[in-house]
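J.: The structure that follows is given in the form of structure tokens.
The values are calculated or read from the model by the stated rules, or taken from the named source; none is laboratory data. Quick caveat, the model's predicted, so the values are computed rather than measured. Cβ coordinates were reconstructed from backbone atoms using ideal geometry, including for glycine residues, and neighbour counts include every protein chain displayed.
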């Protein structure tokens with residue numbers, strides 16, 4: 001698992017971006033949030049996640065609020 005922070009949320013479209021500890025950004029969709037709801041996330045919040053390949057590049061999956 002990688003760690004990072006929620007950089008931006010686009011709630012009305014159901015996606016967001018995570019910035020990892022190295023500054024790389026990863027797209028994530030609300031269906032990739034595990035153990036909580038997308039609405040429970042806030043910008044700047046610490047999260048853990050996995051990275052998988054997609055046709056549009058790497059994306060964050062299995063996104064969890066740190067500490068859960």
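J.: Being touching a residue at least 40 places away in the same chain (Cβ under 8 Å) and more than 11 Å from the chain's Cα centre (by Cα) is the filter here, so list the residues in the range 7-45 that pass it.
T.: none
J.: For the condition surrounded by 11 or more Cβ atoms within 10 Å (Cβ to Cβ) and in contact with a helix residue (DSSP H, G or I) (Cβ under 9 Å, 6 or more places away or on another chain), what is the one hit in 27, 38?
T.: Within the list 27, 38, the selection yields 38.
J.: Could you list all residues from the range 22-42 that are part of a helix (DSSP H, G or I), under 14 Å from residue 66 (Cα atoms) and touching a strand residue (DSSP E or B) at 6+ places or on another chain (Cβ under 6 Å)?
T.: Once the filter is applied, which keeps residues that are part of a helix (DSSP H, G or I), under 14 Å from residue 66 (Cα atoms) and touching a strand residue (DSSP E or B) at 6+ places or on another chain (Cβ under 6 Å), the range 22-42 yields nothing.
J.: Which count do you get for residues in the range 12-21 that are at pLDDT 95 or above and either loosely packed, with under 12 Cβ neighbours inside 10 Å or not in a strand (DSSP E or B) (or both)?
T.: 3
J.: Would you mind stating whether residue 48 is in contact (Cβ under 8 Å) with a residue 12 or more places away in the chain and assigned to a loop (DSSP other than H, G, I, E, B)?
T.: For residue 48, the condition - in contact (Cβ under 8 Å) with a residue 12 or more places away in the chain and assigned to a loop (DSSP other than H, G, I, E, B) - is not met.
J.: Would you be able to tell me the number of residues in the range 46-68 that are farther than 13 Å from residue 1 by Cβ and surrounded by 15 or more Cβ atoms within 10 Å (Cβ to Cβ)?
T.: Number of matching residues: 1.
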